[in-house]
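Input: a single structure, listed below in structure tokens.
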Amino acid sequence: MKANAYGHGLAEVVHALAGMVAMFGVANVREAEAVRAAVGTGPGIFILGPALPFERPEIVAGGFVPAVSSLNEAAAYSALGQGRRVLVHLAIDTGMGRMGIAEEEAGEMVREIMRMPDLEIGGIATHLPVADEDENYTREQLGRFEAVVAAIRAMGVDAPVIHGLNSAGIFRFSHRGGTLVRAGLMLYGSSPLPEYQAELRPVLTLKTRITIIRDLPAGHGVSYGRTFITPRPMRVATLAYGYADGCNRHLSNQGADVLIHGKHCPMLGRVTMDQIMVDVSHAAEAAIGDEAVIIGASGGQEILAAEVAAKAGTIAWEIFTGIGPRVDRVYH
């Protein structure tokens, strides 16, 4: 549910999934509180990112499950227990380099943590940095993680929840990695691996409307910087959608398009804060107020978030999470 459910709307997605998941995953305590407000009691809430010291009392009071990467973090949560159980998941760094206990130090640190009062290790986790790029490394990484988990369990830690698979990991290594998976991008119908996209159905359609249509002569500039000059007389539509709404500015002059009445209409010139311009010369039926599909399907054609991301030189995650708050979200 990180980043407003990957831009899709946290409260509504939480409601839709509340009866289907073991836990909700969030980045920080504020997101954890938002999930709790949306769903009340129900699945546990796991905080994937490290917490700042002043956030830890809120985590314990809220009954959220934090990821622990160090003895200092573990000791701080133990001190907050004051006679009640504090459930934590150990994060093991097997190659991501972002957070987590170094796998070589896991045994020694777990012995220390096991002596801390009120602290219970309920889960052991890792993160895969290249599950979508390097199968051999990921296979070896999962083997090392499984060895660490086995060693920790041999010490008497009966952690029931073991997790390491992200969306790409679920597709490629579904038989590995533990008892729980962390479906992220794939949850929203977008595959990090193009060969698996056919197995998913995109959840989101992102669309706007035509606000004005103008006939421009040859040699006329379009948008800031005059980076696009009309090569011929063109019918140009202005759309109510810009970088403040999530239209990545790197899409400027990169061959991106939108769908209007099922026809691909190329974007022209630079993306501006509130508007983009598209060529509707070949879409004679286009009219003010008509829908323009940025991501989604129209008339048998489809534009995927991954395609938009590729033209912007980024990833689908950024396209989704960049959708601005002033974009209305309508749920079916």
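Please give the helices (runs of 4 or more DSSP H) falling wholly within the stretch 1-116 in which 3 or more residues are in contact with a strand residue (DSSP E or B) (Cβ under 9 Å, 6 or more places away or on another chain).
Here the list reads 10-17, 29-39, 56-62, 71-81, 106-114.
Sub-8 Å Cβ pairs linking a first residue in the stretch 153-167 that is assigned to a loop (DSSP other than H, G, I, E, B) and crowded, with 21+ Cβ neighbours inside 10 Å to a second residue that is small (G, A, S) and modelled with pLDDT under 95, at least 6 apart or interchain, are G164/G177; G164/G178; L165/S174; L165/G177; L165/G178, ordered by first then second residue. For V258, the criteria (1) of a type in the set (V, I, T); (2) under 30 Å from L90 (Cα atoms); (3) crowded, with 19+ Cβ neighbours inside 10 Å hold in every case but one, which is (2). Of all residues in the stretch 180-215, those satisfying the criterion of being hydroxyl-bearing (S, T, Y) and surrounded by fewer than 19 Cβ atoms within 10 Å (Cβ to Cβ) are Y196, T205, T211. State whether one or more residues within the stretch 170-179 are open to solvent by less than 30 Å² (accessible area, probe 1.4 Å), part of a loop (DSSP other than H, G, I, E, B) and touching a residue at least 60 places away in the same chain (Cβ under 8 Å). No: zero hits.
Scan the stretch 99-115 for residues that are surrounded by fewer than 19 Cβ atoms within 10 Å (Cβ to Cβ) and either in contact with a Phe, Trp or Tyr (Cβ under 8 Å, 6 or more places away or on another chain) or on the phi > 0 side of the Ramachandran plot (or both) and jot them down. Listed by number, the list holds a single entry, E103. Counting only strands (runs of 3 or more DSSP E) that sit completely within the stretch 187-291, those holding 2 or more residues that are touching a Leu at 6+ places or on another chain (Cβ under 8 Å) and under 27 Å from V13 (Cβ atoms) correspond to 206-216. Out of all the residues in the stretch 91-98, is one or more of a type in the set (D, E) and open to solvent by 20 Å² or more (accessible area, probe 1.4 Å)? Scanning the stretch 91-98, I find at least one residue that is of a type in the set (D, E) and open to solvent by 20 Å² or more (accessible area, probe 1.4 Å), so the answer is yes.
Taking every residue in the stretch 8-23 that is closer than 14 Å to A37 by Cβ and pairing it with any residue that is of a type in the set (S, T, N, Q), at least 6 positions away or on another chain, the pairs with Cβ-Cβ distances below 8 Å are L10/N4.
Specify the residue that is most open to solvent (accessible area, probe 1.4 Å); the eligible residues are those in the stretch 120-136 that are among the hydrophobic types (A, V, I, L, M, F, W, C) and closer than 13 Å to N166 by Cα. Looking at the filtered set, the residue picked out is V130. Name every residue in the stretch 1-44 that is over 14 Å from A183 (Cα atoms), open to solvent by less than 20 Å² (accessible area, probe 1.4 Å) and of a type in the set (V, I, T), in order of residue number. Selection gives V29, V35.
Out of E285, E291, I need the residue that is at negative phi, over 25 Å from the mean Cα position of the chain (by Cα), loosely packed, with under 15 Cβ neighbours inside 10 Å and among the acidic types (D, E). Which one? Matching residue, one of E285, E291: E285. Taken together, the residues in the stretch 137-152 that are without any contact (Cβ under 8 Å) to a residue 40 or more places away in the chain and surrounded by fewer than 19 Cβ atoms within 10 Å (Cβ to Cβ) amount to 6.
The values are calculated or read from the model by the stated rules, or taken from the named source; none is laboratory data. None of these values were measured; they are calculated from a predicted model. We place every Cβ from the backbone using ideal geometry, glycine too, and count neighbours over all the protein chains shown. Side chains included, ligands, DNA and RNA excluded: accessible areas come from the protein's heavy atoms. Shrake-Rupley method; radii C 1.70, N 1.55, O 1.52, S 1.80 Å.
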